[in-house]
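> Take this structure first; my questions come after.
The values are calculated or read from the model by the stated rules, or taken from the named source; none is laboratory data. If you're wondering where the values come from, they're calculated on a predicted model, not measured in any experiment. Cβ placement follows ideal geometry from the backbone for every residue including glycine, while neighbour counts extend to all protein chains displayed.
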Amino acid sequence: LVMHKVDELHAHLNGSVSFSTIKKLVARKPHLNIEHGMTAIRSGQRRTLDECFQVFKVIHQLVDTEEDILMVAKDVIREFAADGVKYLELRSTPRKEKTTGMTKRRYVETVIEAIRQCKNEGVDIEVRFLVAVDRRNGAEVAMETVKLAEDFMLSTDGLVVGLDLSGDPTVGHGRDLLPALQKAKNCGLKLSLHLSEVPSQADESELLLNIPPDRIGHGTYLHPEVGGSQSLVDTVRKHNTPLELCLTSNVKGQTVSSYSQHHFLYWYQMGHPSVICTDDKGVFCTDLSQEYQLAASTFNLSQEDMWTLSQKAIDCTFAPDLKQQLHQKWLELRPTLF
Ligand code: 6MZ
């Protein structure tokens, strides 16, 4: 069963690095003694979320030059295209690497360069970029990152469309980041915020949901059945804020106990805009087709249901200029079976 999904809206660049790209990186840096088992969580394996964040650190060691970033970004874009994705929003945290001289600005420029090169090479996918704030780094870095994102939004003809808030959810509090997030929103950056990825983030979610963000990453613990609250759900509903849902990531990272327990069902049954995404296709060994298939088989959804889901995802993108074109692609891809 082939699932023709149209867009991927929640993909962290360094979490999306495939096995074949990891092999190339390892060959460039044999002295690090890194093997693939350290950069991916295979089928049937589980890790705590904390261990997942250790995995990102290993990948960051492998990806620390402009040359690496360019290769990784181009490979990831080509892989999403090969999976049939027509529109990709990539997100990544700009990193400065003292040892290689890479700056945050060069980091973002290099990702933009990768997007442009893929376009020039005729890869059949539209790509937009969200600059990510790692919550671990605190208020000052968050504000710097927002300024960087704003500069790029203005200078890249709409390739940089937004800001992501991510990183280890057990570190720091969103209250400290609120001024930076509000500034981002005010200057026209779209906001996608990881919210309530772990329990006991209800206070933070309450605060950040009122900005309001343009999309929510995960939102695993927002609803009352898992310790969130009806008032959080009501706020999400009031603003009609779409959720980016990543089934395998949440199961392998153990924030959700099994596929059938995934909060996809809660929101889907309510008819709330919910978009299926991969999160970190390299680390969690998945792709968007597989995530669509897992959602369909777990929740007993028909192929038509899945088509409708992928169609609705188009309205959740941060690229209004592409919506019409994407709806057209969706119509072209859709089989006439139903
Ligand atoms: C929160 C996550 C994440 O930015 O170096 N990241 N943040 N929750 C998750 N759930 C599993 N998965 C990835 O890609 C890696 C970074 O993305 C964020 C983390 O900050 C991680 O270091 P980039 O391209």
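> Mind checking whether some residue in segment 163-182 is in contact with a helix residue (DSSP H, G or I) (Cβ under 9 Å, 6 or more places away or on another chain), without any contact (Cβ under 8 Å) to a residue 12 or more places away in the chain and either of a type in the set (F, W, Y) or not in a loop (DSSP other than H, G, I, E, B) (or both)?
Checking segment 163-182: not a single residue is in contact with a helix residue (DSSP H, G or I) (Cβ under 9 Å, 6 or more places away or on another chain), without any contact (Cβ under 8 Å) to a residue 12 or more places away in the chain and either of a type in the set (F, W, Y) or not in a loop (DSSP other than H, G, I, E, B) (or both).
> On to the next question. Name the single residue that is surrounded by the most Cβ atoms within 10 Å (Cβ to Cβ) among those in segment 1-27 being among the aliphatic types (A, V, I, L, M), at pLDDT 95 or above and away from the ligand (no atom under 13 Å from the Cβ).
Per the stated criteria, the residue is L9.
> Which one is farthest from C118 (Cα to Cα) among residues in segment 49-73 that are in contact with a Leu (Cβ under 7 Å, 6 or more places away or on another chain) and either assigned to a helix (DSSP H, G or I) or away from the ligand (no atom under 11 Å from the Cβ) (or both)?
Checking each candidate, the answer is Q61.
> Which residue pairs have Cβ atoms closer than 6 Å, lie 6 or more positions apart in sequence or on different chains, and pair a first residue in segment 247-266 that is closer than 19 Å to M306 by Cα with a second residue that is among the acidic types (D, E) and surrounded by fewer than 23 Cβ atoms within 10 Å (Cβ to Cβ)?
Partner pairs satisfying both residue conditions: none exist.
> Out of E225, E150, which single residue is in a helix (DSSP H, G or I) and at pLDDT below 95?
Just a single option satisfies the conditions, and that option is E225.
> Hey, can you tell me all the residues within segment 68-121 that are closer than 25 Å to L333 by Cβ, over 17 Å from the mean Cα position of the chain (by Cα) and among the basic types (K, R)?
If the condition is that a residue be closer than 25 Å to L333 by Cβ, over 17 Å from the mean Cα position of the chain (by Cα) and among the basic types (K, R), then K119 is the only one that fits.
> Please tell me if T65 is within 22 Å of M102 (Cα to Cα), over 21 Å from the mean Cα position of the chain (by Cα) and either touching a residue at least 12 places away in the same chain (Cβ under 8 Å) or surrounded by 14 or more Cβ atoms within 10 Å (Cβ to Cβ) (or both).
Answer is yes for this residue.
> Something else now. Name, by its number, the condition in (1) within 13 Å of the ligand (Cβ to nearest atom); (2) under 17 Å from S92 (Cα atoms); (3) of a type in the set (D, E, K, R) that does not hold for D151.
All conditions pass for D151, except number (1).
> Considering segment 199-225 alone, what residues qualify as being loosely packed, with under 15 Cβ neighbours inside 10 Å and more than 26 Å from E150 (Cα to Cα)?
P199, S200, D203, P224, E225
Condition check ((1) within 11 Å of the ligand (Cβ to nearest atom); (2) buried (at least 18 other Cβ atoms within 10 Å of the Cβ); (3) under 19 Å from A114 (Cα atoms)) across all residues:
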site	(1), (2), (3)
K29	no, no, no
A40	no, yes, no
A82	no, no, yes
T93	yes, yes, yes
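> Output yes when any residue across segment 244-252 is closer than 14 Å to S196 by Cα and either at pLDDT below 95 or in a helix (DSSP H, G or I) (or both), and no when none is.
The answer is yes, given that some residue of segment 244-252 is closer than 14 Å to S196 by Cα and either at pLDDT below 95 or in a helix (DSSP H, G or I) (or both).
> Could you check segment 267-288 and list, in sequence order, the residues that are free of Cβ contacts under 8 Å to residues at least 12 places away in the same chain and either in a helix (DSSP H, G or I) or closer than 17 Å to L88 by Cβ (or both)?
Listed by number, the list holds a single entry, Q269.
> Within segment 12-36, count every residue that is under 13 Å from Q61 (Cα atoms) and basic (K, R).
Adding up the residues that qualify gives 2.
Quick grid of which residues meet (1) in contact with an Asp or Glu (Cβ under 8 Å, 6 or more places away or on another chain); (2) over 26 Å from H327 (Cα atoms):
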| residue | (1), (2) |
| --- | --- |
| I34 | no, yes |
| M38 | no, yes |
| Q61 | no, yes |
| D64 | yes, yes |
| D83 | yes, no |
| S92 | no, yes |
| E126 | no, no |
